Ligand SMILES: [Zn+2]
């Protein structure tokens, strides 16, 4: 369960030993699932963007009536492996969403620029990928705002999407901090092949394809060889099912 890409201890933050994007178990999921389907969400928060105003404060999947799937990536890892991942996505003609960890992005501006140049979304996955669910509001805000600054340095804007670290679902405190930092919608997911546990490419492919439905948002991770190897068969499998990989922005707009 331990990540290979090392998590560094950050002063004042408890990172814990396990650090997938979702430390939460499925049973811990809140019962009020947010959905974009039907655009009926009642939790929309203040936003100056008409498109964002149509979305709830957390999205777990997109519209179910579109043959589209959003592949989303924890953006951190060995630059060599991340490069191989981007190469595989380019070969497959797929546009995805990379949610960057701020410290990683600050050290890898060239890869951040390539993500954008390749037509992917570049989003915010906190500055240190620590356990944001258990942070005080000010620290949670700083984690998001610092990463927003790192993205701005690369992209000229903070990006549209925020995904909390070490939790699949945002708490009210996280949502408030994200909103304050300029992200009215937290980007969750409904398909989790747990590729960060390095189960092997075949397991990642089968878990992804078994769960993917129209509108699905899939949680994947940069920096893992098995994930790189899984990209081509995942894209082929989605194509067979008539599902097109798109960015979060395309799925949710
Ligand atoms: Zn993550």
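Each reported figure results from applying straightforward, stated rules to the coordinates on display, with no laboratory input. Worth saying up front: this structure is predicted, and the values here are computed from it rather than measured. Positions of Cβ are backbone-derived with ideal geometry, glycine not excepted, and every protein chain shown enters the neighbour counts.
List of remarks:
- The range 105-253: mean projected area of Cα convex hull, nm²: 8.8
- Take 205-215, 119-129 and order them by the average number of nearby Cβ atoms within 10 Å per residue, most first; the result is 119-129, 205-215.
- Sorting 157, 249 from the fewest to the most surrounding beta carbons within 10 angstrom yields 157, 249.
- Exposure proxy ranking for 58, 225, 240, 143, based on other Cβ atoms within 10 angstrom of each Cβ and starting from the fewest, stands as 240, 225, 58, 143.
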